[in-house]
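Below is one structure, written out as structure tokens, with a few remarks after it.
Readers should treat all values here as calculations from the given coordinates under stated rules, not as data from a laboratory. Note that the coordinates shown come from a computational prediction; the quantities given were computed from them, not determined experimentally. Glycine gets a Cβ as well: all are built from the backbone with ideal geometry, and neighbour counts include every protein chain shown.
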Amino acid sequence: MVDIASSNTERLTLMINNLLDMDKISNGKMIFTFNQYNLMDMVDEAIVLNHSYADMYGVTFNIAQRFDAAGVMVDKDRFMQVLANFLSNAANFSHKYSSVDIYIEPNDDLVRVSIQDYGIEIDKEYHNEIFTKFSQTDSSDTRSKGGTGLGLAITKVLIAKFRVM
């Protein structure tokens with residue numbers, strides 16, 4: 001009973017924090033503190049921080065391509081939030097015993113971070129919707145995956161705020 005209560009509390013806290021973040025973003029009240037960071041250091045840290053979540057689903061995170069020289073100008077806390085959203089979604093929707101591959105690659109004067117899972121594919125009809133608030137590809141009462149439908153919407157707005165050095 002205590003484990004169930006703890007899990008439900010964590011889910012409610014995440015949902016409330018996501019709602020508060022959406023409100024701050026919508027009202028232009030979210031404060032960003034941009035500093036220069038090594039991108040690979042943050043990716044490595046995100047993998048460590050999200051490792052136990054991946055373990056729950058029997059998934060491993062794998063850096064398939066590194067770009068150790070990449071420096072970025074970001075708000076680290078918000079960037080870590082973005083990575084956590086992408087990594088947790090990828091783990092959540094992957095098949096058990098599969099990997100989630102992470103690619104860091106130069107792209108002209110930018111850096112691209114790609115996260116690829118090998119799980120459930122999103123139907124093409126939902127591609128334009130998954131980054132909107134409260135969007136979920138399965139809205140039925142019996143859906144097998146939880147979530148508020150806010151994580152990717154928040155992630156999209158946050159990524160637009162980041163600057164690459």
Which of Thr60, Thr155, Thr13 comes first, and how do the rest follow, when ranked by fewest Cβ neighbours within 10 Å? Thr13, Thr60, Thr155
Theoretical gain in end-to-end length, Asp55 to Asp77 [0.36 nm per residue, Cα-Cα removed]: 5.6 nm
Got a sec? Which residues in the range 36-79 would a label at Lys96 touch, if it sits 7 Å along Cα→Cβ and we count backbone N under 17 Å? 53-60
In nm, what is the difference between 0.36 nm times the number of residues separating Ile122 and Ile159 and their Cα-Cα distance? 11.2 nm
